[in-house]
1. Within segment 1-27, take every residue that is out of contact with any Pro (no Cβ under 9 Å at 6 or more places or on another chain) and more than 26 Å from GLY116 (Cα to Cα) and give me the one that is surrounded by the fewest Cβ atoms within 10 Å (Cβ to Cβ).
2. What are the residues in segment 203-226 that are within 15 Å of the chain's Cα centre (by Cα) and not polar (S, T, N, Q), if any?
3. Which one of these does GLU565 not meet: (1) within 26 Å of GLY635 (Cα to Cα); (2) buried (at least 21 other Cβ atoms within 10 Å of the Cβ)?
4. For segment 153-185, which positions are without any contact (Cβ under 8 Å) to a residue 60 or more places away in the chain and of a type in the set (D, E, K, R)?
5. Report, by residue number, each residue of segment 275-322 that is within 24 Å of ASP588 (Cα to Cα), among the basic types (Lys, Arg) and not in a loop (DSSP other than H, G, I, E, B).
6. Answer yes or no as to whether GLY336 is crowded, with 18+ Cβ neighbours inside 10 Å, under 30 Å from ARG403 (Cα atoms) and touching a residue at least 60 places away in the same chain (Cβ under 8 Å).
7. Can you tell me which condition ARG172 does not meet? The list is (1) at negative phi; (2) in contact with a helix residue (DSSP H, G or I) (Cβ under 9 Å, 6 or more places away or on another chain); (3) crowded, with 16+ Cβ neighbours inside 10 Å, and all the others hold.
8. Checking the condition at pLDDT 95 or above and more than 20 Å from the chain's Cα centre (by Cα), which residue from ASP456, ASP451, ASP473, ASP444 passes?
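The values are calculated or read from the model by the stated rules, or taken from the named source; none is laboratory data. Here the structure is a predicted model, which means the values were calculated and not measured. Every residue, glycine among them, receives a Cβ derived from its backbone with ideal geometry; neighbour counts consider all protein chains shown. Note: areas computed on protein heavy atoms with side chains; ligands, DNA, RNA excluded. Shrake-Rupley method; radii C 1.70, N 1.55, O 1.52, S 1.80 Å.
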Amino acid sequence: MTERIHLRAGGVSLVLDASDRKLPAVLHWGADLGELDAEGLSSLAAATAPVVVPSSPDAPVRVSLVPEASTGYTGRPGLTGSRGGRDWSPRWVVVAVERSGDVVTYRAKDDACGLGLVIEVELTPQGLVRTRASVTNTGADDYRVDELLVVFPVPRRAREVLDLAGAWGSERHPQRTPWVIGQHRREGRAGRTGFDAPTVLHVGVPGFGFRSGEVWGVHVAWSGNHVHTAERTASGVQVLGGGELLLPGEGRLAPGQTYAGPWVYGSWGEGLDAVAHRFHRWLRARPTHPGVERPVTLNVWEAVHFDHSLDRLRHLADLAAQVGIERFVLDDGWFGSRRDDTRGLGDWVVSPEVWPDGLGPLVDHVRGLGMQFGLWVEPEMVNMDSDVARAHPDWVMQPGHGRLPVEARHQQVLNLTIPEAYEHVRDQLLAVLRDHDIAYLKWDHNRDLVDAGGPDGASAVHEQTLAAYRLMDELRAAQQGLEIESCSSGGGRIDLEVLQRTDRVWTSDVIDPHERQRMLRWTGQLLPPDLLGSHIASGQSQTTGRVHDLTFRASTAVFGHLGVEWDLAEASASELAELGVWIAWWKDARSTLLAGDLVRVDSPDADVWVHGVVTPQRGIFSIGSGASGPVSNLGDVVLPGLVADAVWDVRPVIPAAPPLLFGLPAWFGGVRLTGRVLAEVGLRFPVMPPDQVLLVEAVRVG
């Protein structure tokens, strides 16, 4: 049996030690250590071996990927559970180690406790670590798993925590805290990933930023209830990890049954950008990842809301085609009795009241203009005022005792763990897909899973999450080429597991570009721009009331999968022409914007935004101001990430109307500098009033 394994990829080393048939411990996770033979690995194990500390167990306490109380570890154990109060502290023995390339599987058991454990570890070519654990009940009676976590040890120099928080319409706020003794534990109990999800939980050397400072980050790839944790013990042990948050009864295992935890992803790098790049490159390397020729999308919600009219929608489609839009999406209100948000949800049949001739006339018109057609759906939800709820009230998730959960947005959750309810939704949606040329589904999820029980009242968030995955998989299998957007009241379901069956996320229901500057910047810590729905808003935001010019709205939105969320019928001829210019520019630039590396610049001023996307041949940067500062201009702004020794032609990008600027610098006519000079010295920028953005392009010339 191989005791020590050294995985190397993408500038990262992961050294695993399962000596003496113990669960694998991590001897190193971080910078590539180079070639290490068996003797070198043995020396590394000796160099990093834990020591006995006063008033502690007489043998050194060893912390594995699934920490064990039986070793004397007094931090949170990896497995929390019991068999009626017994078998709660297994002492695992590794019985097999299997390796296939950079994937290692450890199989362990504790016969006395009647349990088996499997730990899978992978180091991807991008240097991203993936691991998950599964526990099997090999005993004669039921076993209850309360929690199963996997954790990575990180060195003592990591002393600062960074994760994200937020609420509806205000997603992805960064928050930093010192890493003190105890647990920094973030729980998601919304039954979906959540607006307040940490997204990636980081720890790093104090003061780490986008471009510097060693950082370790973890992400739990699960769309239901979840846990992210960073724990520091008095003995100096520091671990970072997570898993699923199981509700009572969800981890109950009959003899022979297995509970598999979610994948937990770990990313290490020098600076937050390096951590993000590993996620981005892994996602982009998938065979199913969408290409860079992503269609510009118009969603008509803010134009028509529930007021569906064939003539009005045809006119919007004509205007969309005129400005270069490539995908037209019909939002909520096309089905059942859904004339407002209080009824009809769950009846996935085209409304004969609103669409007496069906959706065909609109679909045909859109397709005839050369655009794809997309449709809004919310398959996991139901209004009690609907045909399906009246016929099958027992299909609604509830905690038992005849009590429905509190309503949210006038709706409840349809229990997809009931086969008949699942088949109802699946078959109705398949019929709509079969009868129409639909290329895209905007898949919404507009409420938390509160008191979400199954037919017997038992907790069912875990099974509901798996059922939602299965439904997405079935629809995609039935409709070749179908794209799905993960939308959940905006950015409430953004995680790497839902992204295995969806093609982009809706970053937020708020399209105000001032708010979107932050949202795009920090959602990009997990997802690349090509997966972020990023739309040009109407002049006055329907959610915040702010008014912005088209230049600011467009120059913000272009750093993602571009779309439009604006009533084009209310736009003037000059606005439509200007919008068309922006769309044409984005189409020309999307091979860079949707394939390059994200770069972000730390600024001492929170309301100065500097970010960009770079490839070996081209870089596009955004320099913006969100508020008036105490000094008169932005000063010298660095533009990092370009090939250092190459020469770059640098110019402002002003596709249409220019931003409001004062005191134009000399380089506006074009300047040639090396990537090293741009990264270390930068360019002097003019005075910018609040909510203005200037785009800058760098093209390699030598």
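1. Of everything passing the filter in segment 1-27, GLY11 is surrounded by the fewest Cβ atoms within 10 Å (Cβ to Cβ).
2. GLY217, VAL218, HIS219, VAL220, ALA221, TRP222, GLY224, HIS226
3. Failed condition: (1).
4. ARG157, ARG159, GLU160, ARG176, ARG185 - these are the residues of segment 153-185 that are without any contact (Cβ under 8 Å) to a residue 60 or more places away in the chain and of a type in the set (D, E, K, R).
5. Answer for segment 275-322, where residues must be within 24 Å of ASP588 (Cα to Cα), among the basic types (Lys, Arg) and not in a loop (DSSP other than H, G, I, E, B): ARG281, ARG284.
6. When the stated conditions are applied, GLY336 does not pass them.
7. (1)
8. Working: ASP456 fails: at pLDDT 95 or above; ASP473 fails: more than 20 Å from the chain's Cα centre (by Cα); ASP444 fails: more than 20 Å from the chain's Cα centre (by Cα).
Only one candidate passes the filter, namely ASP451.
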